[in-house]
Amino acid sequence: MTTVKPTENKESLFSEKVRAEIDTWVAKYPEGWQQSAVMAALRIVQDDNAGYLTQELMDQVAAYLDMPPIAVYEVATFYSMYEHKKVGKHKVCVCTNVSCMINGSDKIVDHMEKKLGIKLGEVTEDGKYSLKEVECLGACGGAPMFQIGTKYYENLTPELVDSILDGLE
């Protein structure tokens, strides 16, 4: 386990681009409240690391924001948007909560698992897709639905799923 010491030069923790992005978020909070930028910092670091976080990266976020590593781990493990292992180029987050379940999300999951040859929580052999079960994504009126990247796809049918997945590069 690598833990960054608080006295380490913060410029050595991340690239200049990543530091600038994190600093933009830190600047949104009052002085001394930089820890409030932890969710944004984790997202930025995750995006810069092929879509997932490592313990070393979380330790670096803690050092950069001057907070205990455990506080960063708590955030990174609570929210489903943070990944702790490699994900596919296209991470398909499928909602299986109440509205989606009532509207057939189980059929959508079954269809995707057969089409992609993987189960929820897995990545295709070619690294193109990963399937993740998530709780409510707040689009209950369009259930069943899933999210790929930052885009929501609603009112899914097996045919629409095929069209969406086949249309991804």
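The values are calculated or read from the model by the stated rules, or taken from the named source; none is laboratory data. Just so it is clear, the structure is predicted and the values come from calculations on it, not from any experiment. Every residue, glycine as well, gets a Cβ built from its backbone with ideal geometry; the counts of neighbours run over all protein chains shown.
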Regarding residue 125, is this residue over 18 Å from the mean Cα position of the chain (by Cα) and assigned to a loop (DSSP other than H, G, I, E, B)? yes
Count of residues meeting criterion [more than 19 Å from the chain's Cα centre (by Cα) and in a loop (DSSP other than H, G, I, E, B)] in the range 155-169: 5
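Quickly run through the range 38-69 and pick out the residues that are part of a loop (DSSP other than H, G, I, E, B) and among the β-branched types (Val, Ile, Thr). Working first, answer last.
Going residue by residue through the range 38-69, those that are part of a loop (DSSP other than H, G, I, E, B) are 49-54, 66-68.
Passing the criteria: only 54.
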Filtering the range 19-48 for residues that are small (Gly, Ala, Ser) and either touching a Cys at 6+ places or on another chain (Cβ under 7 Å) or surrounded by fewer than 12 Cβ atoms within 10 Å (Cβ to Cβ) (or both) leaves a count of 3
Condition check: closer than 30 Å to residue 35 by Cβ and either buried (at least 17 other Cβ atoms within 10 Å of the Cβ) or in contact with a strand residue (DSSP E or B) (Cβ under 8 Å, 6 or more places away or on another chain) (or both). Does residue 134 satisfy that? yes
Checking the structure you have, find out if any residue of the range 73-96 is polar (S, T, N, Q), surrounded by 14 or more Cβ atoms within 10 Å (Cβ to Cβ) and in contact with a helix residue (DSSP H, G or I) (Cβ under 6 Å, 6 or more places away or on another chain). yes
Filter the range 47-101 for residues that are touching an Asp or Glu at 6+ places or on another chain (Cβ under 8 Å) and among the small types (Gly, Ala, Ser); the one that is farthest from residue 123 (Cα to Cα) is 63
Would you check if there is a residue in the range 100-109 being polar (S, T, N, Q), at pLDDT 95 or above, surrounded by 15 or more Cβ atoms within 10 Å (Cβ to Cβ) and closer than 30 Å to residue 167 by Cβ? yes
Is there any pair linking a residue in the range 149-169 that is modelled with pLDDT under 95 to one that is hydroxyl-bearing (Ser, Thr, Tyr), with Cβ under 9 Å and at least six apart or on different chains, and which? 168/129
